[in-house]
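The values are calculated or read from the model by the stated rules, or taken from the named source; none is laboratory data. Note that the structure is predicted; figures quoted are calculated from it, not measured. Cβ: placed from backbone, ideal geometry, glycine included. Neighbour counts: every protein chain shown. Ligands, DNA and RNA are stripped out before the accessible areas are found, and what is left, the full protein with its side chains, is counted by its heavy atoms. Shrake-Rupley method; radii C 1.70, N 1.55, O 1.52, S 1.80 Å.
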Amino acid sequence: MRTLTLRDLNRATLARQLLLERRRVGVLAAVERLAGLQAQWPPAPYVGLWSRVAGFRREALERAVRRGDVLKPTVMRGTLHLITARDYPMFWWALRDMPTWYDETHLAHALKAVEGVRELARAAPLTHQEGLDYLEREHGHADDLQRRRIFHAVRRRAHLLHTPESALWAGRPRAVFHPYPEPGPMDVVAARAGLVRRYLAAFGPATRADIADWSGLRIADLAPALEALEPLRRFRTEEGRELLDLPRAPLPAAETPAPVRFLPKWDNLLLGFADRQRVLPEEHRKTVIAKNGEVAQAVLVDGVVAGLWTAGKDGRVTVEPFAPLPRAARRELEEDTARLEAFLR
């Protein structure tokens, strides 16, 4: 098997993430190509697409959200993402039994409450607190932590999605839910095979541990899906770990230039691997990813995280490199900072 260096993996992933070159592609195609966009912070998907899609305009994603073509469900790792409506059945069936913030006991309680909670949400958008109050009032769940775990299970099993308003550019990250139609039956192995195919197309080549870490599924849960995808391409890391990939997926040369790019909070490029060193040097990991799981806004220079950025209310961007940058990189950073400021205003 061919051995791939960290730089080989870096350029492969950047190409698949549309971060080597902005591509002119539609919003729905971009969201699907990236296997969803992390969406806890409402503006994050917009900045993420701006960094990847040529000519991207905020209004294009907002139209897709308002039309219902793009949804905001709880999917990978039990976290909020934007995905397309046509992808929702695959994501839901693939991740239905994903181990997350609740156990089998919580799930058993949740299943008893699913229909009642859906009825509440059909009548009017349901806030997180209203859901918790219902569980206490109608099902006697008084312990706050246990009630929250049960409601997390209810939301997933009842197909309660965040309302479109929370997915708009200026939306507030409020937990307000509306019921979405339950998808028709789908074979779980086929759904997981589709999910893994999306992952490898967006992040590969990758180890089994990488796929599990990104999805929230166990490695053992993924085995039938990986078997269904055979034949897969195989490589090795410099440490000897097996890497899986799709046939004919792009593998740019390691010396391919990588432009400066801005990543929003919780960008999946930084969360898509068990071993993130292809894009995030270990010495900067704790600076970028906090103990509480919050992922900072990062700047890529030559393909790897080289600093952080913030934006003021007026849209002015401040960049804090981890180390002095070469002159050419500084000039490129200044140019892309001006473009980002124009987009934010």
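Summed over segment 84-102, the residues that are of a type in the set (Lys, Arg) and more than 20 Å from ASP69 (Cβ to Cβ) give a count of 1. Within segment 327-345, the set of residues being of a type in the set (Lys, Arg) and either at pLDDT 95 or above or surrounded by 12 or more Cβ atoms within 10 Å (Cβ to Cβ) (or both) comprises ARG327, ARG330, ARG331, ARG339. Only a single criterion out of (1) under 26 Å from GLY36 (Cβ atoms); (2) open to solvent by 70 Å² or more (accessible area, probe 1.4 Å); (3) in contact with a helix residue (DSSP H, G or I) (Cβ under 9 Å, 6 or more places away or on another chain) is not satisfied by PRO324, namely (1). Within segment 72-129, the residues that satisfy the criterion of being without any contact (Cβ under 8 Å) to a residue 40 or more places away in the chain and in contact with a Phe, Trp or Tyr (Cβ under 9 Å, 6 or more places away or on another chain) are VAL75, ALA85, GLY116, LEU120.
Within segment 208-242, the residues that satisfy the criterion of being closer than 20 Å to MET76 by Cβ and among the aliphatic types (A, V, I, L, M) are ALA209, ILE211, ALA212, LEU217, ILE219, ALA220, LEU222, ALA223, ALA225, LEU226, ALA228, LEU229.
Would you call THR105 over 26 Å from ARG33 (Cβ atoms) and open to solvent by 70 Å² or more (accessible area, probe 1.4 Å)? Taking the combined requirement at face value, the residue satisfies it. Among residues of segment 135-150 being over 29 Å from the mean Cα position of the chain (by Cα) and part of a helix (DSSP H, G or I), the one that is nearest to GLY78 (Cα to Cα) is LEU135. Of all residues in segment 288-303, one or more are under 20 Å from the mean Cα position of the chain (by Cα), open to solvent by 60 Å² or more (accessible area, probe 1.4 Å) and farther than 19 Å from PRO45 by Cα.
Across segment 172-196, the qualifying residues are those that are over 8 Å from ALA94 (Cα atoms) and among the charged types (D, E, K, R), and the one among them that is least open to solvent (accessible area, probe 1.4 Å) is ASP187. Taking segment 262-277 as the range and being open to solvent by 10 Å² or more (accessible area, probe 1.4 Å) and more than 8 Å from the chain's Cα centre (by Cα) as the test, the residues that pass are LYS265, ALA274, ASP275, ARG276, GLN277. Taken over segment 61-78, the criterion of being assigned to a helix (DSSP H, G or I) and open to solvent by less than 30 Å² (accessible area, probe 1.4 Å) is satisfied by LEU61, ALA64, VAL65, MET76, GLY78.
The residues listed here are VAL25, VAL47; of these, the one that is modelled with pLDDT of 95 or more, open to solvent by 10 Å² or more (accessible area, probe 1.4 Å) and either in a loop (DSSP other than H, G, I, E, B) or closer than 20 Å to GLN297 by Cα (or both) is VAL25.
If you go through segment 97-134 one residue at a time, how many are part of a helix (DSSP H, G or I) and either closer than 20 Å to TYR180 by Cβ or of a type in the set (Val, Ile, Thr) (or both)? So that I can check it myself, show each step before the final result.
So the first thing to find is which residues in segment 97-134 are part of a helix (DSSP H, G or I), and the list is 104-123, 128-134.
Narrowing further to those that are either closer than 20 Å to TYR180 by Cβ or of a type in the set (Val, Ile, Thr) (or both): 105, 107, 110-111, 113-123, 128, 130-131, 134.
Qualifying residue count for the region: 19.
Scanning segment 108-133 for residues that are crowded, with 21+ Cβ neighbours inside 10 Å and of a type in the set (Val, Ile, Thr) gives a single hit, VAL117.
In the condition set (1) under 23 Å from VAL53 (Cβ atoms); (2) surrounded by fewer than 12 Cβ atoms within 10 Å (Cβ to Cβ); (3) not hydrophobic (A, V, I, L, M, F, W, C), PRO247 is compliant with all but (1).
Considering segment 156-171 alone, what residues qualify as being open to solvent by 30 Å² or more (accessible area, probe 1.4 Å), part of a helix (DSSP H, G or I) and not acidic (Asp, Glu)? Steps first, answer last, please.
As a first pass, look at segment 156-171 and keep what is open to solvent by 30 Å² or more (accessible area, probe 1.4 Å): 157, 164-165, 169-170.
Still in the running and part of a helix (DSSP H, G or I): 157, 164-165.
Listed by number, the residues that qualify are ARG157, PRO164.
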